[in-house]
Amino acid sequence: MRRLIWPVLFLLLILVQGAASAFYTGWLSCDLPFLALYAFAMLRGEQQGTLVGLGVGFVQDALTVGVFGYHMLSRSALGFLVGLMKEKVVRDNATFHMAVIALCSLALRFVFWWLELIRSGGRWSIFFSYAVDSLGFALGNMLLVVPVVLVVKRIYQWIKEEDISY
């Protein structure tokens with residue numbers, strides 16, 4: 001029964017993300033579902049990370065305006081790749097989490113920049129402002145990854161107490 005916390009958590013984070021983007025318009029930003037998916041995939045592996053990433057990405061694509069399918073593809077890829085690292089890294093190293101999230105954030109923003117460049121008809125003038133926003137996105141994710149990882153780990157342990165097969 002405790003496993004139902006995962007859909008509730010991800011839906012809550014998507015709603016908080018949407019509300020925060022409506023009220024806060026500064027250059028420092030973050031993606032809470034992205035961070036929670038990172039922590040979830042680090043704990044559960046590539047198969048679960050990919051499936052949850054696909055679901056979270058679908059909900060994010062349905063609620064945002066832009067290229068439909070971008071969030072599904074990027075979140076599924078994140079869940080798969082981070083899930084592959086599950087057994088190969090030290091999960092308690094905060095610096096590692098911050099570095100991986102910074103690289104993933106910048107990679108996602110770089111791919112999205114190319115999509116926006118194609119959609120805008122090759123308007124290269126958007127590069128500087130987009131680069132500044134991308135740095136703010138990576139920095140915001142770096143600052144929040146450790147608390148989100150700790151919360152997801154605590155929820156994971158809470159579920160594990162009840163369900164031995166988990």
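Any read-out appearing in this document is the output of simple, stated calculations on the displayed coordinates, not a laboratory observation. The model shown is predicted, which means the values in this text are computed figures rather than measured ones. With ideal geometry, Cβ positions are generated from the backbone for all residues, glycine too; neighbour counts draw on all protein chains shown.
Side notes on the structure shown:
- Fully extended contour minus Cα-Cα distance, from THR25 to PHE110, at 0.36 nm per residue: 28.5 nm
- Only Lys, Arg, Asp and Glu carry charge here, each on its Cβ (+1 for the first two, -1 for the last two); on that basis the chain has a dipole of about 100 debye about its Cα centre.
- Highest-MSF residue in the chain out of LEU117, LEU43, LEU11 [GNM, Cα springs under 10 Å]: LEU117
- Taken over the chain, the percentage of Cα pairs per 5 Å bin, counting from 0 up to the bin with the maximum distance, is 1, 9, 16, 22, 22, 14, 8, 4, 2, 1, 0, 0.
- Residue separation of ALA99 and TRP158 scaled by 0.36 nm, minus their Cα-Cα distance, works out to 18.5 nm of gained length.
- The chain: DSSP helices with Cα axial extent of at least 30 Å and average Kyte-Doolittle hydropathy no lower than -1.0: 94-119, 127-162
- By the beta-carbon count within 10 Å of each Cβ, the least crowded to most crowded order of LYS86, LYS160, fewest first, is LYS160, LYS86.
- Taking 20 Å as the straight-line reach from the Cα of LYS153, the aspartates and glutamates in range (excluding those fewer than 8 positions away in the same chain) are ASP31, GLU46, GLU87, ASP92, GLU161, GLU162, ASP163.
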